[in-house]
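Just below is one structure, and these are the notes that go with it.
The values are calculated or read from the model by the stated rules, or taken from the named source; none is laboratory data. Given the structure is predicted, the values throughout are model-derived calculations rather than measurements. Note that we place each Cβ from the backbone using ideal geometry, even for glycine, and neighbour counts take in every protein chain shown.
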């Protein structure tokens, strides 16, 4: 018997959460993050406010959802698309991918997620997850014979890269997204990756 058409409660909840996020993202693009309310999101999504709060703690919590949902994608990019490349190329290509992924969310999303007001900015959702993945790439390269600059650790390199990329995202947002963020990130990181390592 084929059970593939049956959805579990978790699957239904995940679909609804994604629907709420998609509606909020579209409203953000139309009228800006600061102008949307939970009530507006609920109206557009066709749900009650109680249903919203069952899935998200707040409007701000919506900002974190996309990165939370994408953690598996981060690993997949490193494990499948970048495996076997020299460490410098792995890191540059991984952060180009992160910039492309982030740019797709739009300027308003980025301004509000990459903000000191966003309490979840420095949690595992972006910062620590990227550092963890970068650390793993560098540690694997070192185990395979790559030498870091004396006195540098994988953690220091990872932190530097994460700060640079957050700076690129901030600059892109400040310039209203007028340039190609992934292309800019690739050029900048390619120029400075050896110095960072």
Members of the range 132-164 that are surrounded by fewer than 13 Cβ atoms within 10 Å (Cβ to Cβ) and farther than 27 Å from residue 114 by Cα:
143, 144, 145, 147, 149, 150, 151
Filter pass, residue 98 being closer than 27 Å to residue 117 by Cα, in the same structural domain as residue 132 (by TED's automatic domain parsing) and either touching a residue at least 60 places away in the same chain (Cβ under 8 Å) or touching a strand residue (DSSP E or B) at 6+ places or on another chain (Cβ under 8 Å) (or both):
yes
Report yes if residue 61 is surrounded by fewer than 17 Cβ atoms within 10 Å (Cβ to Cβ), touching a residue at least 40 places away in the same chain (Cβ under 8 Å), within 23 Å of the chain's Cα centre (by Cα) and closer than 26 Å to residue 184 by Cβ, otherwise no.
no
The lone condition residue 43 fails out of (1) within 15 Å of residue 108 (Cα to Cα); (2) surrounded by fewer than 19 Cβ atoms within 10 Å (Cβ to Cβ) is (1)
Some residue of the range 65-83 being crowded, with 16+ Cβ neighbours inside 10 Å and either over 30 Å from residue 197 (Cβ atoms) or touching a strand residue (DSSP E or B) at 6+ places or on another chain (Cβ under 7 Å) (or both):
yes
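The rows are residues; the columns are (1) within 23 Å of residue 129 (Cβ to Cβ); (2) at pLDDT 90 or above; (3) in contact with a helix residue (DSSP H, G or I) (Cβ under 6 Å, 6 or more places away or on another chain).
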{"position": "143", "(1), (2), (3)": "yes, yes, no"}
{"position": "160", "(1), (2), (3)": "yes, yes, yes"}
{"position": "174", "(1), (2), (3)": "no, yes, no"}
{"position": "184", "(1), (2), (3)": "yes, yes, no"}
